[in-house]
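See structure below.
The values are calculated or read from the model by the stated rules, or taken from the named source; none is laboratory data. What you see is a predicted model, and the numbers here were worked out from it, not measured in a lab. Neighbour counts are summed over all protein chains in view; Cβ atoms, including those assigned to glycine, are modelled from backbone coordinates with ideal geometry.
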Amino acid sequence: MRKILCLFFVILFLLAGCGKYDEEDVVRDFTKKIEDAKSYYVEGELELVNNDDVYHYDVKVAFQEENFYRVSLTNTANNHTQVILKNDDGVYVVTPSLNKSFKFQSDWPYSNSQIYLLEAIANDIKDDDDRAFRETKDGYTFMTAVNYPNNRNLVKQKVSLSRKLKLKKVQVYNSDSVICMTMDFNKIDYSPSFKKNYFSLNTVMKTYSLDEDATEQTSSLDESIYPLMLPSGTKLTNEEKIDKDEGERIIMTFDGEKPFLLVEETANVESEFTVIPTYGEPYQLMDTLGVMTDNSLNWTTNGIEYYLVSDVLNQDELVEVAQSIGVVQTMK
């Protein structure tokens, strides 16, 4: 009788164990769901934090097999939309308000973590053998490492899933455990229907047609805008304002231990849609999408185009200087 009871309890224990839905099951089912998707459509809200400044974006992501992507980012403060587009012709950062686009020969989005792309998030979870897993009342969370080569201060992320493995939220932390980016996923459709040529450059431009009344332009630079953060042993040594065909340009030279050049100029709307071939990668710089190369960072905000270049500063330092450039005149 004792043997029968012992066997009975062993069977119950084994059955209970077999029924437990554990970390490996969550990873397997969540990643498979995304890897099996031939397309998907996402809507959500992105929050970026830079010290005391907070920026909000409405995000729409479309993916279709054969590696087609279309990501629209609309700054809710000024309703300014930019689009990252990937198709057979390359990768584009489209700025409809200026009637132009940068074109990259790039492996985006596969070179680093991406807070709003499902497969990038799944890969971060799957590839991190040291990830932390927790079952919550409402679902599951993972804490994983991240790979942001252009901003190595971003070191980890928290991924929140529902009980049905629906992606709810991703939060990215810096080395001080401060949340720098948050993506809330409001809608995920794994079987969307996209119209023909949805991922073409012409379709994007027609979708976000130029609204001249809403386009922010300026013909002059009333004052220089200086970075609040300078590398140690570096200072402004020369500043020159020159006229260009339409508007003005200011060239600032910073010399010292880590010299760099900062150019500010009035951003002009192109009379015809213009595609500018460039090296580098798309880069999200707080309130706008920019272009990052090994030694430069280019972006446009508030009607002013900025170009920051240095043979000495690394990409993290370029970003730090760029993020410190405010909208008011500061001390030299």
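Which condition number does VAL178 fail, the rest of (1) surrounded by 16 or more Cβ atoms within 10 Å (Cβ to Cβ); (2) over 21 Å from TRP108 (Cβ atoms); (3) touching a residue at least 40 places away in the same chain (Cβ under 8 Å) being met?
Of (1) surrounded by 16 or more Cβ atoms within 10 Å (Cβ to Cβ); (2) over 21 Å from TRP108 (Cβ atoms); (3) touching a residue at least 40 places away in the same chain (Cβ under 8 Å), only one is false for VAL178: (1).
Do any strands (runs of 3 or more DSSP E) lying entirely in the range 36-92 carry at least 3 residues that are surrounded by fewer than 18 Cβ atoms within 10 Å (Cβ to Cβ), and which ones are they? Working first, answer last.
Numbers: elements: 39-50, 53-64, 68-75, 80-87.
Once the strands (runs of 3 or more DSSP E) in the range 36-92 are filtered for at least 3 residues that are surrounded by fewer than 18 Cβ atoms within 10 Å (Cβ to Cβ), what remains is 39-50, 53-64.
Could you tell me whether any residue of the range 187-206 is of a type in the set (D, E, K, R), assigned to a loop (DSSP other than H, G, I, E, B), assigned by TED's automatic domain parsing to the domain that holds THR95 and surrounded by 13 or more Cβ atoms within 10 Å (Cβ to Cβ)? Lay out the reasoning, then the answer.
Going residue by residue through the range 187-206, those that are of a type in the set (D, E, K, R) are 187, 189, 195-196, 206.
Filter once more, so that each one left must be assigned to a loop (DSSP other than H, G, I, E, B): 195-196.
Add one more test, that the residue is assigned by TED's automatic domain parsing to the domain that holds THR95, and what stays is 195-196.
With surrounded by 13 or more Cβ atoms within 10 Å (Cβ to Cβ) added as a condition, the list becomes none.
No, there is no match, as no residue in the range 187-206 is of a type in the set (D, E, K, R), assigned to a loop (DSSP other than H, G, I, E, B), assigned by TED's automatic domain parsing to the domain that holds THR95 and surrounded by 13 or more Cβ atoms within 10 Å (Cβ to Cβ).
Check ASP243, ASP255 and return the single one that is of a type in the set (D, E, K, R), more than 22 Å from ARG70 (Cα to Cα) and at pLDDT below 95. First the steps, then the outcome.
On the way: ASP255 fails: at pLDDT below 95.
Residue meeting the stated conditions: ASP243.
Which of the residues belonging to the range 161-186 are assigned to a strand (DSSP E or B) and touching a Gly at 6+ places or on another chain (Cβ under 6 Å)?
Here is the first cut: in the range 161-186, the ones assigned to a strand (DSSP E or B) are 161-162, 167-174, 179-186.
Within the range 161-186, LEU161, SER162, MET183, ASP184, PHE185, ASN186 qualify.
Residues that are at positive phi, outside the structural domain of ILE34 (by TED's automatic domain parsing) and among the basic types (Lys, Arg), at least 3 per element: which strands (runs of 3 or more DSSP E) completely within the range 97-160 meet that?
Details: elements: 100-104, 132-135, 139-145.
Counting at least 3 such residues, we get no strands (runs of 3 or more DSSP E) at all.
Taking GLU43 as the residue in question, decide whether it is under 13 Å from the mean Cα position of the chain (by Cα) and modelled with pLDDT of 95 or more. Show your work before the answer.
On the way: under 13 Å from the mean Cα position of the chain (by Cα): no; modelled with pLDDT of 95 or more: yes.
Here the answer is no, as GLU43 does not meet what is asked.
Filter the range 266-284 down to residues that are of a type in the set (Ser, Thr, Tyr), assigned to a strand (DSSP E or B) and exposed (fewer than 13 other Cβ atoms within 10 Å of the Cβ), then give me how many there are.
1
Go through SER106, SER160 for me and flag whichever is of a type in the set (S, T, N, Q) and modelled with pLDDT under 95. Full working, then the answer.
Numbers: SER160 fails: modelled with pLDDT under 95.
Residue meeting the stated conditions: SER106.
Could you check, for the range 239-250, whether at least one of its residues is assigned to a loop (DSSP other than H, G, I, E, B) and not assigned by TED's automatic domain parsing to the domain that holds LEU318? Talk me through it step by step, then tell me what you get.
First, pick out the residues of the range 239-250 that are assigned to a loop (DSSP other than H, G, I, E, B): 244-247.
With the extra rule that they be not assigned by TED's automatic domain parsing to the domain that holds LEU318, the set shrinks to none.
Scanning the range 239-250 turns up no residue that is assigned to a loop (DSSP other than H, G, I, E, B) and not assigned by TED's automatic domain parsing to the domain that holds LEU318.
Hey, among the residues in the range 236-265 that are more than 19 Å from GLY303 (Cα to Cα) and buried (at least 18 other Cβ atoms within 10 Å of the Cβ), which one's nearest to the chain's Cα centre (by Cα)? Break it down into steps so the answer makes sense when it comes.
Restricting attention to the range 236-265, the residues satisfying the condition of being more than 19 Å from GLY303 (Cα to Cα) are 236-240, 253-261.
Next cut, buried (at least 18 other Cβ atoms within 10 Å of the Cβ) only: 254, 258, 260.
Numbers: PHE254: 29, LYS258: 27, PHE260: 25 Å.
Checked the range 236-265; the qualifying residue nearest to the chain's Cα centre (by Cα) is PHE260.
Restricting attention to the range 217-238, which residues are in contact (Cβ under 8 Å) with a residue 60 or more places away in the chain and part of a loop (DSSP other than H, G, I, E, B)?
GLN217, THR218, LEU221, GLU223, SER224, ILE225, TYR226, LEU228, MET229, LEU230, PRO231
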